[in-house]
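Read through the structure below, which is laid out as structure tokens, and then see the notes.
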């Protein structure tokens, strides 16, 4: 800490000795608190100083601050470095770290393509070099220093992105990065409004190259201008299809999914088969190829590696969509130039499918809306786009410029609420938007269908139940929200739980987690059944997998390496007697061998499932499971120098085995009012419908399909709008089940139909439109479960998604 204080010119208030290996600005992403230095940044809507006491309780002992508060006096072990500006201190430390590195630094800037070039360079160079590259799109005033601080001593090449939005920013980035080789990708319209001219913006970007030995880019006016902005000692290495350059390029053939390009450099000539047809991929590939030529790679190696380039996640992606659709996802920036590039990619996709474009307002175009949006409409017509969907105020205001069948929404939330997946079939869909519109969630949208049948969810009751379980434990709390949050609705319940500061959410599949991220859920989410096909999405949406087998762990680790991500949390599942999945005790040596070398994953928690914690008859077996769990986890923890959380208890276990709460507990059915110890929990969900019609039926008449029920007297038979397609189990037919109406229980008569069923209301004064409760505060869900010989879980999760969820609180 003393060394760091000297580097960033801060005043050290020393606590216990701390060795720093990690740096963080996000209180939610601390991995090894005992070795983490937290920078308390201030922003428009947050102040890192507000989280210091919480972080201290979580084990962090090192902080960089710009304001010293009285409450910090009560943190005796904490080290504080007081500086004038925390961001400046972060950048100073990053600059120092970069200067100590032996790595050759490649700096990339431009309006578009930075991330793609970075990732493709990694794919092309990683076989021969220890390559480090900035994670994801960390190219800002905060992202760059965090990227640089990640360069380890083994790296001999470091590839760093640099992005700016206004004048004066690049000088700070250049001071940190100081690249040896510079790459300029493309000059677009983004952030034009923040500069007096296009030349001023280009001059700002060119500042990155003032210490470069070489600058790489496409020959032309842009590179000529950059030459005037850097020292004469800087050499340029250019490529072009049209004018003289160091590398001459000629497109030989363009097919649906690849482009053949003849490359001539000096005395050598060879043909590349680029596995992408669009112009943007072509330009990005040539910038990367120039690095290999500069490093004197043999043509046959370049040809071989270019042919194996893969699409880059986190930026423009082409993926399989629903209903035989193809998705072109490009939702990290939005300016007219990049939109045109995206349209080029759209044009190269399956020509048998209709073209659909989903576009947001342009945020940084620097152009007048009345000029911009009519030109966009004309571009869409020229591109033969069949359907246009505009999202944002400006596009909505200019709807008259677009085709009559176009659809417009105020924001992404309204799109997600109003569109249906069935609207998109056999199409190629370009999803292109500014980052603030969060278009990454459009692929996960679901418009709920609804009819008169509803599931009421009492949020006050849910909070009451959560607080009851909180009163039983000091451990972290993870809440199960899988299976549509046990039927209650994932988004809404997760939002409530996030507000009440639970520590983790757990879902069954990645799609459920993506939906929660779409709803603005930021707390950690674990996926209990990670599928290999979902690994990319799990990385993109920061979803943490349960790992129950070594091959899954190996495959996920490889997926992380592809993304350039390190220290991604995973949760190791142990089999202690459930015998469903998980590592057996005999598997531990192989598991630990996997971690002998540096990996892209780290273990956030180790857990297991109890097979019978809710019944006393199984207590001996349960205690045996827990003892085995303790033995296995102690063996694992002994091999790691960081704390790994342990958890084994579900809702019943929390109530019945308080001595084994360990570091975290998993709350599931208890949240919904089901207790293993008859605790005073409150029912949360009420399944309700209404009477749609009433018929007078004489004695001796059959009711419903199959004629299984007959009236035994003149009867009033009501039809209610709920059936087995809504989750009303058909085994409740023919007077087995009852519902509650007008203060009385009345029997279900006849066989339950798909969408309706009949009830006998003869002994009530019920009328059309009256409310009917299937289960809730008057008929407990546990009663239905007993009648059906099942468990409340099945009843709750069996409520169809077409049933509208209604949430209320007093």
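Quick notes
- Candidates 706, 670, filtered to the one that is farther than 30 Å from residue 504 by Cβ and not in a loop (DSSP other than H, G, I, E, B): 706
- Within region 777-803, the set of residues being free of Cβ contacts under 8 Å to residues at least 60 places away in the same chain and part of a loop (DSSP other than H, G, I, E, B) comprises 778, 779, 789, 790, 791.
- Selection status of residue 755, free of Cβ contacts under 8 Å to residues at least 60 places away in the same chain, closer than 22 Å to residue 696 by Cβ and surrounded by fewer than 18 Cβ atoms within 10 Å (Cβ to Cβ): no
- Candidates in region 643-681 are the residues that are touching a strand residue (DSSP E or B) at 6+ places or on another chain (Cβ under 7 Å) and farther than 19 Å from residue 474 by Cβ; of these, the one that is modelled with the highest pLDDT is 668.
- Yes/no for residue 763 being touching a strand residue (DSSP E or B) at 6+ places or on another chain (Cβ under 9 Å), assigned by TED's automatic domain parsing to the domain that holds residue 701 and part of a loop (DSSP other than H, G, I, E, B): yes
- Total residues in region 729-745, condition surrounded by fewer than 18 Cβ atoms within 10 Å (Cβ to Cβ) and more than 20 Å from residue 705 (Cβ to Cβ): 4
- Residue match in region 100-107 (condition: part of a strand (DSSP E or B) and at pLDDT below 95): no
- Criterion: crowded, with 20+ Cβ neighbours inside 10 Å, touching a residue at least 24 places away in the same chain (Cβ under 8 Å) and either part of a strand (DSSP E or B) or under 43 Å from the mean Cα position of the chain (by Cα) (or both) - qualifying residue of 774, 748, 694: 774
- In this structure, residue 526 does not satisfy being under 30 Å from residue 460 (Cβ atoms) and in contact with a helix residue (DSSP H, G or I) (Cβ under 7 Å, 6 or more places away or on another chain).
The values are calculated or read from the model by the stated rules, or taken from the named source; none is laboratory data. This one's a predicted model, so the numbers in the text were calculated from it and none came from an experiment. Cβ sites come from the backbone with ideal geometry, for glycine too, and all protein chains shown count toward neighbours.
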